[in-house]
Amino acid sequence: MKLQQLKYIWEVAHHDLNVSATAQALFTSQPGISKQIRMLEEELGVEIFSRSGKHLTRITPAGEAILSITGEILRQVDSVKRVAQEFSDEARGDLAIATTHTQARYALPPVIRKFMDRYPEVTLHMNQGTPTQIAEMAANGSVDFAIATEGMEHFNDLIMMPCYRWNRSILVPKGHALADHPKPTLEQIAAYPIVTYVFGFTGRSKLDDAFKSRNLTPRVAFTAADADVIKTYVRLGVCVGIIASMAVDKELDSDLVAIDASHLFASSVTKIGFRKGTFLRGYMYDFVTQFAPHLTRPVVDKVLQTPSRADVDAMFEGFKLPVL
């Protein structure tokens, strides 16, 4: 069994069983990958992939178990490389982040700029997706950090740390009836068609819970993952927008009226997470602290030594998080 063979089966599984696409991604030949996979299967005495002719059709039950262990092996290999890099050149490397559009567009830019100034030889990779996709990328080791508000609680392999609290704003065009109400009620908002985030994005569940608690069914006429798209439809005058307050730009959105909605919805907490067992290089600690100043290296190290997610949550219980 060779490490290269394990890498091949892992990459094939994550390229939709497309050996040709895997070969292109790894800059090698398709026949070479196929041969190595066959050799590994013969050595193990089981099929990792089912086939129809020359095409791979699915991952077998044995393959699923083998791939799970393979992922762990490859992550440990990556950790070994990182340990070596940390001691050989602590300011050079890669940092991969997965997050939502709202975080990438509004919360992260000043952090990224400061980080790049401090670590010019660290290559940053930004990945955007749904909260579930973000959590999956962190859980399988595709990225170093996941930053999101929703959807990561179902991934037990992730260590989650709270960064900041935030709430929402009601967005309407100037002259709209709600513009004259500094503290509108949920009933008043529910009277209009609403454009807001897709369910599962950016604290959407808190919004739905608020309406449900009042036995209201809002008319969500349009949903989007992008706050800028939501603003576009508010400008058309067809919907009332509900977005994260951090996404309101006083200059660019001067044609709109933003109404603070913190009296209507419970605040949400954005968290940063990484996979258990991840070796954090010095610049990774620094990135976390730049994004959330209360998450200093000693605090993160303490979190790493905490046995369960419940214990981590207890560490921050009653902690006054910054509000963005």
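At-a-glance table
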| read-out | value |
| --- | --- |
| Accessible-area composition of the range 1-95, carbon plus sulfur, in percent [1.4 Å probe] | 54 |
| Built amide H within the under 5 Å cut-off of GLN128, gap 5+ | THR99 |
| Reference-scaled alpha-carbon Rg (2.2 N^0.38 Å with N residues) for the range 55-168 | 1.25 |
| Residue-level accessible surface for TYR192, protein heavy atoms, 1.4 Å, Å² | 70 |
| Cα-based equivalent ellipsoid of the chain: semi-axis lengths in Å, sorted from largest, via gyration tensor | 42, 25, 18 |
| Simple Cβ-charge dipole of the range 1-124, Lys/Arg +1 and Asp/Glu -1, about Cα centre, in debye nearest 20 | 300 |
| Cα lying deepest toward the dipole's positive end in the range 211-311, options ILE259, GLY282, ILE242, charges on Cβ | GLY282 |
| Relative contact order %, the chain, counting alpha carbon pairs below 8 Å whose residues are six or more apart | 20 |
| Gyration tensor verdict on the range 237-278 (Cα atoms; rounded if a/c is under 1.5, prolate if a/b is larger than b/c, oblate otherwise) | prolate |
| Cut-off under 5 Å, modelled amide H: who pairs with THR60 long-range | PHE49, SER50 |
| Span per principal axis, largest first, for the Cα atoms of the range 223-314 (Å) | 52, 27, 21 |
| Cα gyration tensor category, rounded, prolate or oblate, for the range 171-231 with a/c compared to 1.5 | oblate |
| Residue pairs, from the table LYS7/LYS81; LYS174/LYS206; LYS81/LYS271, whose Cα atoms sit over 19 Å apart | LYS174/LYS206; LYS81/LYS271 |
| Accessible area of the chain divided out per residue, in Å², using a probe of 1.4 angstrom | 51 |
| Under-5 Å amide H pairs with VAL257, H placed in peptide plane, nonlocal only | VAL172, LYS174 |
| Translational diffusion coefficient (Stokes-Einstein; Kirkwood radius from C-alpha pairs) of the range 168-295 at 20 °C, 1.002 mPa s, in µm²/s | 133 |
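The values are calculated or read from the model by the stated rules, or taken from the named source; none is laboratory data. Note that the coordinates shown come from a computational prediction; the quantities given were computed from them, not determined experimentally. Neighbour counts run over all protein chains shown; Cβ positions are idealised from the backbone, glycine included. These accessible areas exclude ligands, DNA and RNA; they are computed on the full protein's heavy atoms, side chains included. Shrake-Rupley method; radii C 1.70, N 1.55, O 1.52, S 1.80 Å.
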